[in-house]
């Protein structure tokens, strides 16, 4: 009887060894560290310290140097610093041009308005394309809606309810459109 048990133990140990198993106790893995925190919606931001006051700007060159769309991200580059901004999500992709009120329908079923403040009101502050399409999946189209009384307004057509996580650097605002969190 003892030899049958011993043979069974040897067979089991041989099998475990062949499968890469071991007779050692299992190691407890450390608790995994949490992944990167999910992006959060940004509703507003203040102007950077090096954003010039409208009355101190002497150049008539546009303050917005470029608007670039890549996937769900819009990057606005400025000549100096970054302006104050607000992002207003909305349930439709229907917008109005500022100040005329002319309706503008963008691609998508939802949208967001980006309001930039602190520009000169007597010049054109952006000279690039008015409408820029995107490959999404959330951001489908960006449209320059207005440049009136020192406020520059953009509309973003989205594939569904969304908001923007905004990152700032020395002279850029980067709007990453994400699903709206409840």
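The values are calculated or read from the model by the stated rules, or taken from the named source; none is laboratory data. Remember, it's a predicted structure, so these values are computed and weren't measured experimentally. As a convention, Cβ positions derive from the backbone with ideal geometry for all residues, glycine included, and neighbour counts pool all protein chains shown.
Some observations on this one:
- Some residue of region 105-119 being more than 14 Å from the chain's Cα centre (by Cα) and at pLDDT below 95: no
- Where a residue in region 92-110 is at positive phi and surrounded by 17 or more Cβ atoms within 10 Å (Cβ to Cβ) and its partner, wherever it lies, is at pLDDT 95 or above and not in a loop (DSSP other than H, G, I, E, B), with Cβ under 8 Å and at least six apart: 108/140; 108/141; 108/157; 108/158
- Segments classed as strands (runs of 3 or more DSSP E), wholly inside region 136-182, with at least 1 members that are more than 19 Å from residue 96 (Cα to Cα) and free of Cβ contacts under 8 Å to residues at least 60 places away in the same chain: 162-168, 172-179
- With respect to being at negative phi and modelled with pLDDT under 95, residue 64 falls outside the description.
- In the condition set (1) over 12 Å from the mean Cα position of the chain (by Cα); (2) modelled with pLDDT under 95, residue 136 is compliant with all but (1).
- Considering residues of region 77-104 that are over 18 Å from residue 41 (Cβ atoms) and either assigned to a strand (DSSP E or B) or in contact with a helix residue (DSSP H, G or I) (Cβ under 6 Å, 6 or more places away or on another chain) (or both) only, the residue modelled with the lowest pLDDT: 98
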